[in-house]
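All remarks here apply to the structure that follows.
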Amino acid sequence: MSIKRIVVLFSGEGSNLENIIKKLHKKSFGLDSYEVVAGITNKKEAKGIQICKKYNIPSYVIEHKNYTSREEFDTKLVEIINSFHPHLTVLAGFMRILTPIFTKNIKAINLHPSLLPLFKGTNAIEKSFYSDMKVGGVSIHYVSKELDGGEIIAQECFKKDEDETLESFAKKIKSLEYKLLPQAIVKILTKKA
Ligand code: GAR
């Protein structure tokens, strides 16, 4: 039995963080036991911090406004992440553009609320809801130097209903995220190196 260590990065609500904790933290998959060893955020008001506290998981705030450049911020972020020796770092609603200092040093995956390569960047839910597309979806991809552009690991779509509202659309996205992200983490961590 070995322990697979996961670090989760978030900037807001942290509902995906909580879902990961509920489904994976201190649970066994095959011969491994999974542990969320830390939660890290760039926003001191992020609700995810309370979620970490609730589950006794260490949380760290690194406010980007205290750093003079993205590179300086990423250097600190990488240092903190690496101090936990994670097998995988998961970006679950982490709203930061990352530099090669991060992407070259950290094995990370990102959750994105659209069918990539469509609707990259911020406000992806709104952009995909107001588009002409008849479907919405969720993607999980490796973090690379290209924003929302790394190799796709998992992706699923759902039908936009005739009477769909932005709220009902966002709800569908969330429930798909809660299903796909833990599955993708297990898939990666059970893959032979
Ligand atoms: C999620 O919908 C995630 O897909 C999105 O932020 C939300 C975080 O929700 N991420 C992005 O838009 C990344 N570009 P949560 O804080 O409740 O988990």
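The values are calculated or read from the model by the stated rules, or taken from the named source; none is laboratory data. Please read these numbers as outputs of a predicted model, since none were measured by experiment. Every residue, glycine as well, gets a Cβ built from its backbone with ideal geometry; the counts of neighbours run over all protein chains shown. Just so you know, the surface numbers come from the protein's heavy atoms only, side chains and all, with ligands and any DNA or RNA stripped out. Shrake-Rupley method; radii C 1.70, N 1.55, O 1.52, S 1.80 Å.
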Fill in: Two-site FRET efficiency, residue 70 against residue 50, from Cβ-Cβ distance with R₀ of 35 Å, rounded to 0.05
0.80
Practice prompt. Give the cross-link partners of residue 172 among the aspartates and glutamates, using a straight C-alpha distance below 18 Å as the criterion and excluding same-chain residues fewer than 8 apart.
Written response: 13, 18, 126, 132, 156, 161, 162, 163, 164
Discussion item. Can you give me the solvent accessible area of residue 161 with a 1.4 Å probe, rounded to the nearest 10 Å²?
Written reply: 70
Fill in: Under 5 Å, built H, 5+ apart or other chain: amide partners of residue 4
33, 34, 35
Worksheet item: Counting DSSP beta bridges with both partners in the chain, what percentage is antiparallel, nearest 5?
Response: 40
Item to complete: Compute the length gained on full extension between residue 79 and residue 151: take 0.36 nm times their separation in residues and subtract their Cα-Cα distance, giving the result in nm to one decimal.
Response: 23.5 nm
Worksheet entry | Euclidean distance between Cα centres, region 85-146 to region 43-78, Å | 18
Practice prompt. Report, ordered by chain and residue number, the lysines lying within cross-link reach of residue 44, taken as a straight Cα distance under 25 Å and ignoring same-chain residues fewer than 8 apart.
Written response: 22, 53, 54, 65, 76, 107, 174
Worksheet item: So what does residue 178 come to for accessible area, using a 1.4 Å probe and Å² rounded to 10?
Response: 60
Worksheet item: If you line up the Cα atoms of the chain on their principal axes, what length do they span on each, largest first, in Å?
Response: 48, 44, 33
Worksheet item: Of all accessible surface on the chain at a 1.4 Å probe, what whole percent is carbon and sulfur?
Response: 55
Discussion item. Can you tally the net charge around residue 43? Count Lys and Arg as +1, Asp and Glu as -1, for every other residue whose Cβ sits under 13 Å from the Cβ of residue 43.
Written reply: +1
